[in-house]
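Report on the structure given below.
Every read-out reported here was derived from the displayed coordinates using simple, explicitly stated rules and does not represent laboratory data. A quick note: this is a predicted structure, and the numbers were derived from the prediction, not measured. Note that each Cβ is placed from the backbone with ideal geometry, even for glycine, and that neighbours are counted across all protein chains shown.
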Amino acid sequence: MTAYTTYYAGETYKCQTSVYNEGTLVDPESITCEILDPAGNSKDSGDMTKVSVGVYNYKYDLDDDASLGKWTAVLTATDSSGDVEIERIEFLVDSKQGTTIE
C-alpha cells in the first residue's frame, strides 16, 4: 500500500522539488505546478517559487469544501534546450470530521 501525505479541506497544500543536471542543483528555464482534483479537473496552476538554486516550492489553499480523495500536483520543468521533465506528486484530501480515505 502506498502512503500519501494527507491534508484536510481548508488547509494549505505545500510541495517542494529539486532540479538536478548531472548531480548538480540547477535552475530550469521555467517550472510550474498544476493541481488536479480527484476527478482530474485543474484547480490551480502557476509558476513555482524559487527557494534557492534548483529548489522550488508551491502552495495551494484547499477550499473548505474541497473534494475528498487522491489529488495530484503535476510539476513541469523546462530547460533552455526545451527538454521537459514532469513529476507527479499524489496527496490525499480528507475531511476534518474524521472520514478516512484509502
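Key figures
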{"quantity": "Filter result (farther than 26 Å from P28 by Cβ, part of a strand (DSSP E or B) and not hydrophobic (A, V, I, L, M, F, W, C)) within the range 70-96", "calculated": "K70, D94"}
{"quantity": "Sole exception among (1) β-branched (V, I, T); (2) in contact with a Pro (Cβ under 8 Å, 6 or more places away or on another chain); (3) under 20 Å from T5 (Cα atoms) for I89, by number", "calculated": "(2)"}
{"quantity": "Qualifying strands (runs of 3 or more DSSP E) (wholly inside the range 1-56; at least 3 residues being of a type in the set (A, V, I, L, M), out of contact with any helix residue (DSSP H, G or I) (no Cβ under 6 Å at 6 or more places or on another chain) and within 17 Å of R88 (Cα to Cα))", "calculated": "30-36"}
{"quantity": "Qualifying positions in the range 19-59 - in contact with a Leu (Cβ under 6 Å, 6 or more places away or on another chain) and more than 25 Å from G69 (Cα to Cα)", "calculated": "V53, G54"}
{"quantity": "Selection status of S67, among the polar types (S, T, N, Q), exposed (fewer than 12 other Cβ atoms within 10 Å of the Cβ), in a loop (DSSP other than H, G, I, E, B) and over 14 Å from the mean Cα position of the chain (by Cα)", "calculated": "no"}
